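Down below is the structure, laid out as structure tokens.
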Amino acid sequence: MIYPIVAYGHPVLKTRGKDIEKGEIDVKTLVDDMFETMYNANGVGLAAPQIGKSIRLFVIDTDPIDEEDEPKVKQAFINPQILEEEGEEWAFEEGCLSIPNIREDVDRKPNIRIKYFDENWVEHDEEYNGFVARVIQHEYDHIEGVLFTDHVSAFKKRILKGKLANISKGKVSADYKMLFPLKK
């Protein structure tokens, strides 16, 4: 099932997701649906808040990232906790399915350690680096109620204010179905 992507301005995107209890929801089906939704929108990551669900779940598939020497990771992360973020921050231009047509440089640390459950409720404690770590950090931010635009300077935010308001109102073009909070 392909869900509409929740657009910037919807309160679910600024709300910290709640932990999922084992057996509470059919996580395997939801994970499959989230991958299908993400692929339909040509994304490399998708968090549950982006489909209107305020829970601690996100999926990534870094296969489309065209970077030499980068491992390809396809994984679901349930109730994740970033335990460590290390290294010298580096800037990279990020975008977001909930904020179409806007890209900005975001500084992130290159190495992370994260604990999470997969869709089979197997617990993992793993380290990631480079672009994979960046994708995980971006999606992790979503379940914390943080958007990549929250990481840009106040000056950049003022420049983006009108574009972001238009996205909330549905005045944006995307190649996938979206749910707009203020569309009339």
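The values are calculated or read from the model by the stated rules, or taken from the named source; none is laboratory data. Small disclaimer: the values here were computed from a predicted structure and weren't measured. So basically every Cβ, Gly included, is an ideal-geometry build from the backbone, and we count neighbours across all protein chains shown. These accessible areas exclude ligands, DNA and RNA; they are computed on the full protein's heavy atoms, side chains included. Shrake-Rupley method; radii C 1.70, N 1.55, O 1.52, S 1.80 Å.
Being in contact with a helix residue (DSSP H, G or I) (Cβ under 7 Å, 6 or more places away or on another chain) and part of a strand (DSSP E or B) is the filter; apply it to segment 85-99 and report the residue that is farthest from Lys163 (Cα to Cα). Break it down stepwise before answering.
Start the filter on segment 85-99 by keeping residues that are in contact with a helix residue (DSSP H, G or I) (Cβ under 7 Å, 6 or more places away or on another chain), which leaves 92, 94, 96-99.
Restricting the remaining residues to those that are part of a strand (DSSP E or B) gives 92, 94, 96, 99.
Numbers: Phe92: 21, Glu94: 16, Cys96: 14, Ile99: 9 Å.
Step by step, filter segment 85-99, then rank; the result is Phe92.
On the basis of being surrounded by fewer than 21 Cβ atoms within 10 Å (Cβ to Cβ) and touching an Asp or Glu at 6+ places or on another chain (Cβ under 7 Å), does Arg16 make the cut?
yes
Considering only segment 118-134, state which residues are assigned to a strand (DSSP E or B) and either open to solvent by less than 60 Å² (accessible area, probe 1.4 Å) or among the β-branched types (Val, Ile, Thr) (or both). Steps first, please.
Pass one, segment 118-134, residues assigned to a strand (DSSP E or B): 123-129.
Scanning segment 118-134 gives His124, Glu126, Tyr128.
For segment 140-168, name all the residues that are under 23 Å from Glu21 (Cα atoms), part of a helix (DSSP H, G or I) and open to solvent by less than 10 Å² (accessible area, probe 1.4 Å). Full working, then the answer.
Let us first name the residues in segment 140-168 that are under 23 Å from Glu21 (Cα atoms), namely 140-146.
Subset that is part of a helix (DSSP H, G or I): 140-143.
Answer for segment 140-168, where residues must be under 23 Å from Glu21 (Cα atoms), part of a helix (DSSP H, G or I) and open to solvent by less than 10 Å² (accessible area, probe 1.4 Å): His142, Ile143.
Which of the residues that make up segment 20-63 are part of a loop (DSSP other than H, G, I, E, B) and under 18 Å from Lys177 (Cα atoms)? Please lay out each step first, then the result.
If we filter segment 20-63 for residues that are part of a loop (DSSP other than H, G, I, E, B), which is where we start, we get 20-26, 41-44, 52-54, 56, 62-63.
Passing the criteria: Ala41, Asn42, Gly43, Val44, Gly52, Lys53.
Please determine whether any residue of segment 20-31 is touching a residue at least 12 places away in the same chain (Cβ under 8 Å) and among the polar types (S, T, N, Q).
No, because not a single residue in segment 20-31 is touching a residue at least 12 places away in the same chain (Cβ under 8 Å) and among the polar types (S, T, N, Q).
With respect to Ile82, is the statement that it is open to solvent by less than 20 Å² (accessible area, probe 1.4 Å), touching a strand residue (DSSP E or B) at 6+ places or on another chain (Cβ under 9 Å), among the hydrophobic types (A, V, I, L, M, F, W, C) and part of a strand (DSSP E or B) true? Break it down stepwise before answering.
On the way: open to solvent by less than 20 Å² (accessible area, probe 1.4 Å): no; touching a strand residue (DSSP E or B) at 6+ places or on another chain (Cβ under 9 Å): yes; among the hydrophobic types (A, V, I, L, M, F, W, C): yes; part of a strand (DSSP E or B): yes.
Here the answer is no, as Ile82 does not meet what is asked.
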